[in-house]
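Below: one structure, written as structure tokens.
The values are calculated or read from the model by the stated rules, or taken from the named source; none is laboratory data. Fair warning: this is a prediction, and the values are worked out from it, not measured in the lab. Don't worry about glycine lacking a Cβ; one is built from the backbone with ideal geometry, like all the others, and counts go over all protein chains shown. Areas reflect the complete protein model, heavy atoms only, side chains present, ligands, DNA and RNA absent. Shrake-Rupley method; radii C 1.70, N 1.55, O 1.52, S 1.80 Å.
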Amino acid sequence: MTDRLIIFDTTLRDGEQSPGASMTKEEKLRIAKQLERLRVDVIEAGFPAASNGDFEAVRAIAGAIKDSTVAGLCRANDRDISRGVEALRGAKRWRIHTFIATSPLHMEKKLRMTPEQVLEQAKLAVRFARQHCDDVEFSPEDGSRSEIDFLCRVLEAVIAEGARTINIADTVGYAVPQQYGEFIRTLRERIPNSDRAVWSVHCHNDLGMAVANSLAGVKVGGARQVECTINGLGERAGNTSLEEVVMAVKTRKDFFGLETRIDTTQIVPASRLVSQITGFVVQPNKAVVGANAFAHASGIHQDGVLKARQTYEIMTAEDVGWSANKIVLGKLSGRNAFKQRLKELGIELDSEEAVNVAFQKFKDLADKKSEIFDEDLHALVSDEAVSSAPEHWKLVTMHQASGMGERPHAEVVLAEGGAERRTAADGDGPVDATFKAIERVAKSGTELLLYSVNAVTHGTESQGEVTVRLAKAGRIVNGVGADTDIIVASAKAYINALNKLHGSERLHPQTSQPTP
């Protein structure tokens with residue numbers, strides 16, 4: 001393991017704990033399949049004991065993923081671990097990830113347990129997990145703020161019980177790079193059986209140092225697994241960004257001397273998919289996956305890049321999956337060409353029927369705009385996944401009118417269980433009028449937390465991708481809709497969110513899941 005870095009992705013578990021990032025089982029499956037194409041080593045699929053919805057999602061992912069290990073997070077007790085085993089046992093390769101807090105603050109204030117009780121609980125949990133699973137990971141929650149003598153005792157004991165991965169969690173983003181790296185190195189040097197486990201890092205970004213801390217844990221501390229998320233998604237300020245760690249190790253192989261198995265050309269597609277599903281837009285200046293990551297505005301920089309790209313680019317856009325390719329086949333394009341481009345983009349549809357529906361949507365879009373870009377196809381397929389999900393409400397038709405000096409007005413026809421219901425409303429703008437019209441029928445009683453519009457590509461012909469975030473009774477859901485008409489996209493997104501709220505009951509992860 002000296003020259004190999006294991007990439008452990010927790011977008012579906014820790015990333016989902018971002019307020020509003022809660023995902024359905026189908027959405028989690030789509031992301032898991034993209035993570036498998038990305039070739040991450042371990043996919044942490046969720047927290048099986050948190051809710052029935054999370055349990056079913058983990059079980060579905062365990063049954064679908066063949067090339068990556070599927071992990072489930074479990075608190076250090078028999079009930080959680082048993083639930084995790086039940087959800088994961090159908091996987092080709094699976095891991096139980098169990099944890100308990102070890103910092104004085106957490107033990108006293110949260111757990112209300114003595115250090116000796118925590119030590120015993122950690123040992124029993126790993127022992128029980130190893131009875132069912134050979135691959136067990138243990139995390140001391142708030143490990144970076146734990147007393148090192150006590151932490152050494154706990155980690156030595158859980159390794160003796162059979163934990164094969166030890167993950168040092170910087171749960172609240174308190175660490176700084178040199179200190180964190182040396183902390184892990186000291187643990188490895190002081191614990192007699194440390195060589196029997198792979199050491200891992202899990203860092204949060206509260207002080208903006210998650211990636212730096214993770215890389216210090218690797219370079220200085222000798223860790224050989226990094227826990228991270230796509231786009232750095234995660235609660236509070238987020239987690240370590242997968243794309244930044246992977247490209248740092250690849251670009252600076254001379255310094256780190258490590259390799260990953262990641263297919264870096266799948267990084268941007270993964271970033272787009274997670275952004276579309278969660279509604280968390282990637283900032284333009286975000287490293288690797290931001291829209292400006294490979295843009296050059298300065299004349300001096302432009303001149304240098306034109307002469308030799310490496311003057312101002314340390315990696316290429318193509319390496320991480322950025323593409324300038326576009327389909328210019330228009331409405332007369334053939335179905336085979338459409339399918340081939342989807343395959344090249346790593347987009348998989350479940351059936352020929354789904355391909356046919358997507359192809360018809362492609363044709364309809366080609367009637368509206370002259371050039372179809374790869375980004376359009378991602379949005380189109382994402383919108384198709386939304387529309388093919390179980391629907392309580394369905395948008396049949398809509399019409400809206402607005403102008404200077406006129407009160408905006410919207411008329412909407414919704415279908416509920418096959419019966420059409422017509423409604424109309426005025427509003428402060430066309431979107432407001434449309435949402436009020438929908439609410440006159442739905443009467444959902446929800447709170448609108450977010451309304452966001454993003455152009456899928458450039459130009460006035462671009463599709464608009466709208467994200468709507470709704471909250472009700474502790475549940476937070478995202479709805480997404482895409483269309484060349486922003487108002488239509490807005491209605492689609494709002495109805496998509498209502499359908500999620502109407503679906504199976506599921507607590508938002510932040511209300512039900514502790515986290516290392």
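Would you confirm whether any residue within segment 5-26 is of a type in the set (F, W, Y), without any contact (Cβ under 8 Å) to a residue 40 or more places away in the chain and either out of contact with any Leu (no Cβ under 6 Å at 6 or more places or on another chain) or open to solvent by less than 50 Å² (accessible area, probe 1.4 Å) (or both)? Full working, then the answer.
Going through segment 5-26, the residues of a type in the set (F, W, Y) turn out to be 8.
When the remaining residues are screened for being without any contact (Cβ under 8 Å) to a residue 40 or more places away in the chain, the result is none.
Within segment 5-26, not a single residue is of a type in the set (F, W, Y), without any contact (Cβ under 8 Å) to a residue 40 or more places away in the chain and either out of contact with any Leu (no Cβ under 6 Å at 6 or more places or on another chain) or open to solvent by less than 50 Å² (accessible area, probe 1.4 Å) (or both).
Can F256 be described as under 26 Å from Q463 (Cα atoms) and modelled with pLDDT of 80 or more? Reasoning before the result, please.
Details: under 26 Å from Q463 (Cα atoms): no; modelled with pLDDT of 80 or more: yes.
No: the conditions fail for F256.
For the structure I just gave you, tell me whether L345 is at pLDDT below 75, among the aliphatic types (A, V, I, L, M) and open to solvent by less than 30 Å² (accessible area, probe 1.4 Å).
Values: at pLDDT below 75: yes; among the aliphatic types (A, V, I, L, M): yes; open to solvent by less than 30 Å² (accessible area, probe 1.4 Å): yes.
The answer is yes for L345.
Identify all residues within segment 246-264 that are out of contact with any Leu (no Cβ under 7 Å at 6 or more places or on another chain), closer than 19 Å to H202 by Cα and crowded, with 18+ Cβ neighbours inside 10 Å; write none if there are none.
V246, M247 - these are the residues of segment 246-264 that are out of contact with any Leu (no Cβ under 7 Å at 6 or more places or on another chain), closer than 19 Å to H202 by Cα and crowded, with 18+ Cβ neighbours inside 10 Å.
Testing G84 on (1) in contact with a Cys (Cβ under 6 Å, 6 or more places away or on another chain); (2) open to solvent by 10 Å² or more (accessible area, probe 1.4 Å), one condition comes back false. Which one is that?
Looking at each condition in turn, G84 falls short on (2).
Taking only segment 27-60 into account, find how many residues are closer than 22 Å to V268 by Cβ, open to solvent by 10 Å² or more (accessible area, probe 1.4 Å) and either touching a Ser or Thr at 6+ places or on another chain (Cβ under 6 Å) or basic (K, R) (or both).
5
If you go through segment 168-208 one residue at a time, how many are over 24 Å from E259 (Cβ atoms) and not charged (D, E, K, R)?
Narrowing segment 168-208 to residues over 24 Å from E259 (Cβ atoms): 169-176, 178-179, 182-183, 186-187, 189-193, 204-208.
From what is left, the residues that are not charged (D, E, K, R) are 169, 171-176, 178-179, 183, 186-187, 191-193, 204-205, 207-208.
Of the residues in segment 168-208, 19 are over 24 Å from E259 (Cβ atoms) and not charged (D, E, K, R).
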